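The values are calculated or read from the model by the stated rules, or taken from the named source; none is laboratory data. Not measured: the values here are computed from a predicted model. Using ideal geometry, Cβ is built from the backbone for each residue, glycine included, and neighbour counts are taken over all protein chains shown. Just so you know, the surface numbers come from the protein's heavy atoms only, side chains and all, with ligands and any DNA or RNA stripped out. Shrake-Rupley method; radii C 1.70, N 1.55, O 1.52, S 1.80 Å.
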Amino acid sequence: PPSRKEEAQQTLNYYREVCNSLKLYGALISLVRPEYMLPFHLFEKLYLDGKSAEAASYSTETLEFLENHFQLVHEASWLIILYQVLKLFVLSRFTPKNIKTFAGI
């Protein structure tokens with residue numbers, strides 16, 4: 001992408017698609033906003049520069065909170081996504097019936 005802002009927007013659109021796909025599979029990720037999945041330098045470019053239309057969707061207090069605690073929100077969002085992917089695509093394959101067939105259980 002020619003600019004950081006365009007790179008951030010493309011990455012954000014990609015994460016939106018990922019979240020929408022996971023929701024279609026039944027993931028419980030209503031707490032996760034795709035912008036929280038962005039690396040801080042891209043989030044900052046889109047939301048904390050104060051000039052973008054995206055920044056208008058947040059209150060001043062929320063932007064200040066995110067500026068100070070973005071890493072915590074970012075990590076929590078990725079952990080929720082990881083857990084939901086594991087739950088949907090790995091753990092859902094195990095049932096009580098097939099667990100009993102495992103040796104030693």
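Loop-only chymotrypsin sites (Phe, Trp or Tyr not before Pro) in the stretch 10-105, please: DSSP not H, G, I, E or B, and at most 14 other Cβ atoms within 10 Å. Qualifying residues, ordered by number: PHE94, PHE102. Extension gain for the segment ASP49 to LEU24, taken as residue separation times 0.36 nm less the Cα-Cα distance, is 5.7 nm to one decimal. For the stretch 19-105, the relative contact order works out to 36 percent when only alpha carbon pairs closer than 8 Å and six or more residues apart are counted. Viscosity 1.306 mPa s, temperature 10 °C: give me the Stokes-Einstein translational D for the chain in µm²/s, with Rh taken as the Kirkwood radius over C-alpha pairs. It comes out at roughly 101 µm²/s. All other residues whose Cβ lies under 14 angstrom from that of LEU22 are scored, Lys and Arg at +1 and Asp and Glu at -1, for a net of +3.
Applying a DSSP loop filter and a limit of 16 other Cβ atoms within 10 Å to the GluC sites (Glu not before Pro) in the stretch 1-79 leaves nothing. Relative to the dominant Cα principal axis of the chain, helix 4-25 is inclined by about 30°. Excluding ligands, DNA and RNA, the accessible surface per residue across the chain is 69 Å² with a 1.4 Å probe. Prolate is the label for the stretch 53-99, because the ratio a/c of its alpha-carbon gyration tensor axes (a ≥ b ≥ c) is 1.5 or higher and a/b is greater than b/c. Of the solvent-accessible surface of the chain, computed with a 1.4 Å probe over protein heavy atoms with every protein chain present, carbon and sulfur atoms account for 60 percent. Against the longest principal axis of the chain, how steep is helix 60-89, in degrees 0 to 90 to the nearest 10, with axes from Cα atoms? Result, in degrees: 20.
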